[in-house]
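Contents: one structure, followed by commentary.
Each value in this text was obtained by applying a stated rule to the coordinates, not by laboratory testing. All of these numbers come straight from a predicted model, not from anything done at the bench. Here the Cβ is made from the backbone with ideal geometry for all residues, glycine too, and neighbour counts use every protein chain on show.
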Amino acid sequence: MDQPQLGRFGDRRLASIGDSLLAAMQKRRIMCLHALAEDRSQGRRFHRFLDSESVSMHEMLVHAGRQTAERAIGRHVLAIADTSELNYATHTGRKRGFGTVGNGQDMGVLLHPIIAVDAEQGGLLGLVGAEVINRPEGQSPLPATAKAEALKRRPADEKESRPTGQARGQAKVGRGGDRRRGAGGGGDDHHGGGPRRRHL
């Protein structure tokens, strides 16, 4: 079984802390740093790790793509993409810097992951790439009819349900199998860039 690795980050100490954080998340299936840490000292290390300028989502995703590529060598692979939303409606008072999700009202972000699946055995090989989209704050939702018309006119590369350029770029790193097919789904709406760091 592969040793879980979150990324290398150009620093062995950061890599080791990241691996410990990932292992804790896989073991306990929670995202609260205080609950993930074995003690107060490790909790501080987790916080400093995530605050480090050397720790980036790009490195995590590219590293995951490389690991998936190694598992995909010689296999018939399905690359499956979809759209999910992380809804923070119940945390509005504690979070800042986020736009709205699918309903145009609740605070949150959209996630576009691409995963690799063994087409013959059905096993999950891992993450190929992903993009997180944070819509501009204050963006007003369109009425349903206007939204449908806008989606028809919008180029494919501008739709939120597309495999985005960022995710496609990460996917190139993960090309290691013999044959590939793609499948996808998800909803569309207006989107835009967001602040680099968000208050979680």
Charge sum, other residues only, whose C-beta stays under 10 Å from Ser20's C-beta, Lys/Arg counted +1 and Asp/Glu -1: -1
Estimated distance in nm for a label pair at Gln42 and Arg29, the labels positioned 7 Å out from Cα along Cα-to-Cβ: 1.9
Highest-first arrangement of 15-22, 34-41, where packing means the average Cβ count within 10 Å: 15-22, 34-41
In nm, spacing of pseudo-spin labels at Ser54 and Ser16 (7 Å Cα→C-beta vector): 1.2
Ordering of 79-91, 61-73, 96-108 by packing [mean C-beta count within 10 Å, highest first]: 61-73, 96-108, 79-91
